[in-house]
1. Looking for something free of Cβ contacts under 8 Å to residues at least 12 places away in the same chain and open to solvent by 40 Å² or more (accessible area, probe 1.4 Å) - is there at least one such residue anywhere in the range 432-440?
2. Name every residue in the range 320-342 that is open to solvent by less than 10 Å² (accessible area, probe 1.4 Å), under 22 Å from the mean Cα position of the chain (by Cα) and farther than 28 Å from N82 by Cα, in order of residue number.
3. Inside the range 410-426, can you point out the residues that are touching a strand residue (DSSP E or B) at 6+ places or on another chain (Cβ under 8 Å) and part of a loop (DSSP other than H, G, I, E, B)?
4. Evaluate the range 330-343: report whether one residue or more is in contact (Cβ under 8 Å) with a residue 60 or more places away in the chain, charged (D, E, K, R) and under 30 Å from L116 (Cα atoms).
5. Mind checking whether some residue in the range 531-550 is within 16 Å of the ligand (Cβ to nearest atom) and not in a helix (DSSP H, G or I)?
6. How about the range 173-190: which of its residues are in contact (Cβ under 8 Å) with a residue 60 or more places away in the chain and open to solvent by 10 Å² or more (accessible area, probe 1.4 Å)?
7. Where residues in the range 615-642 are over 26 Å from G559 (Cβ atoms) and in contact with a strand residue (DSSP E or B) (Cβ under 7 Å, 6 or more places away or on another chain), which of them is modelled with the highest pLDDT?
8. Hey, can you tell me all the residues within the range 163-172 that are surrounded by 24 or more Cβ atoms within 10 Å (Cβ to Cβ) and either in contact with a Lys or Arg (Cβ under 8 Å, 6 or more places away or on another chain) or free of Cβ contacts under 8 Å to residues at least 40 places away in the same chain (or both)?
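The values are calculated or read from the model by the stated rules, or taken from the named source; none is laboratory data. Since we're looking at a predicted model, the values are computed, not measured. FYI the Cβ positions are ideal-geometry reconstructions off the backbone, even for glycines, and counts take in every protein chain you see. Each accessible area value is taken on the protein alone, full model and side chains, heavy atoms only, with ligands, DNA and RNA left out. Shrake-Rupley method; radii C 1.70, N 1.55, O 1.52, S 1.80 Å.
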Amino acid sequence: MAEEVLSNLMSEDRSFPPSEDFAAGANATAALYDDAVSDREGFWAEQAGRLSWAAPWEQVLDWSDAPFAKWFTGGRLNVAYNCVDRHVEDGHGDQVAIHWVGEPGDSRDITYAELLAEVSRAANALSSLGLVAGDRVAIQLPMVPEAIVAMLACARLGLTHSVVFGGFSPAALRSRVEDAAARVVITSDGQYRRGSAAPMKENVDEALADLPVVEKVVVVRRTGTDVPWTEGRDLWWHDLVDAQPTEHTAEAFDAEHPLFILYTSGTTGRPKGILHTSGGYLTQAAYTHRVVFDHRPGEDVYWCTADIGWITGHTYIVYGPLANRATQVVYEGTPNTPNEGRHWEIVERYGVSIYYTAPTLIRTFMKWGAHIPAAFDLSSLRLLGSVGEPINPEAWLWYRENIGRGTTPIVDTWWQTETGAIMISPLPGVTAAKPGSAQRALPGIGARVVDETGAEVAKGSGGYLVLDQPWPSMLRGIWGDPERFRDTYWSRFADLGYYFAGDGAKYDADGDIWLLGRVDDVMNVSGHRISTTEVESALVSHPTVAEAAVVGASDPTTGQAIVAFVIARSGTAGPDGDRAEAVAALRDHVAKEIGPIAKPRQILIVPELPKTRSGKIMRRLLRDVAENREVGDVTTLADSSVMELISSGLRPAA
Ligand code: PRX
């Protein structure tokens, strides 16, 4: 972490206490912290009690097989019933669950009663394919209502879904489908992206070529484009689902029944299938959505701008909000289609009151200019949220001033795919917010900043962020790889039993937590996690590349950007060929291998890479180059002249 960023952050000392009005009506109170400390399990039992259980739990937490947690053991519930049926049974069937907005301008309002009918039909349809509880279903869909319906239909049947972001390449989809051994894949003919229809089904076909584990591919019609068809395997969603009855009785499953797998990047080239289960996950999803967003069912209009392909979409579009009977906006497209006011037009049109987005988008809005939101009536907004990466104080202040009229609370929420739900965040109505700080672990959550030995650091000092107590929505493992689960998260502070988050953090003088970015080889580009190794593997799979090293360099808009250093194979296009062309081909190659989000911002063709005597690439030095800094200490390099060689041979080619 650059010292400069750190000192900027630490000189930030503004603080925004909640207004009296907000505090008086807020869901969260300061007493929650005390309640959770005095009886932690009782606190979580109370939160779980807001859900509907078919059978009560015997034990709140079973940590006897740590780090494999069991929450609410013996309890039984149906996640989809909790998100849909019970609201209809309680007389809220006519309440809009989803204001869906398509990118080309089409829209659809779906009430809870309609959602129940659709989810029931889809559940009947998936059952008719012979799927049974415990089977895995992969979903690669754009942000269409069917994506949410498909997830809930899986949850209803106890099928474990694995949603794969629509922008991932066929190779990335294939490895995820294979790893989870999904029997069915749900996708669409195409997706709208920046005003035009892009193919999706073709990519899925490519991913599934000669993959016999997949029995059926269900295709949602979205763009109406012609698609290749595999007879006997492919089915149209509308043919399969529309004819099904709208009645379906939800069966209750064990609290620890696997709800979903979501793949995320780790420090190796192979993504990890993060496993989440039912009762604890839904408990924390609903609790955090209620207290962090101060959500009021039937009153608020909530909008989380994430894609369902990421954890934020799972927890704060699907499970948390629907469990809490939210009325929410779901938008299919990009924020500048057809123009840069799209989000604000939607806020105005639906009276959005809670808006949750990522710092990278806030910085993009800043770039586009304050006059754009100023042209819309945003007076319905009463709370703003941020997630995915550290938010710089300037962006925080801009957000509050230009989107929140200088009055709304902002919640900067820290969490991960692995944590399943928000862990560290201010509580609106309670916390005096500090721009750029996620501040404090939520009631019921234990987080601390420690040094190499696991000892808590003093106020004003930095170190590693750890979670020192199990939490209900914690990952239950890495799909098929218990060893990697232990190694990755639990081995670093094994004696203390701490979960190692992989993030650097710092306490300020008040003991509030400031997140400082990853301390491992994981990059955070526009809030998306990508490992350096993943991109390096993609680069070296290209015939012209002999070796590659990738670093995340700070970037004013995307937080970090991918910068690659590449040694070309002799005799191939590279140093001697047309550089610009070679670099363009490599960038496209990475996009094809992983997905456009992994495209390096810059590829530098270099004669050598800086390595230690044991052969480890010193990324720190490459980061210095990528960020145009003076190169740091080179004494541990096997050949200290390498940096000289790299710097002198550098001709940025992209
Ligand atoms: O580095 C932290 C950063 O995003 C990582 C988790 O990424 P992912 O699993 O994709 O989940 C993103 C959405 C929850 C973390 O290890 N991160 C997330 N939120 C914040 C953050 N960094 C700083 N401040 C945040 N609010």
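1. Initially, the range 432-440 is screened for residues free of Cβ contacts under 8 Å to residues at least 12 places away in the same chain, giving none.
No, the range 432-440 has no match at all.
2. T334 - this is the single residue of the range 320-342 that is open to solvent by less than 10 Å² (accessible area, probe 1.4 Å), under 22 Å from the mean Cα position of the chain (by Cα) and farther than 28 Å from N82 by Cα.
3. In the first step, residues of the range 410-426 are kept if they are touching a strand residue (DSSP E or B) at 6+ places or on another chain (Cβ under 8 Å); the result is 410-420, 422-426.
Selection gives W415, Q416, T417, E418, T419, G420, I422, M423, S425, P426.
4. Yes, the range 330-343 contains a residue that is in contact (Cβ under 8 Å) with a residue 60 or more places away in the chain, charged (D, E, K, R) and under 30 Å from L116 (Cα atoms).
5. yes
6. The answer is S175, R176, D179.
7. It comes out as L637.
8. If the condition is that a residue be surrounded by 24 or more Cβ atoms within 10 Å (Cβ to Cβ) and either in contact with a Lys or Arg (Cβ under 8 Å, 6 or more places away or on another chain) or free of Cβ contacts under 8 Å to residues at least 40 places away in the same chain (or both), then V164 is the only one that fits.
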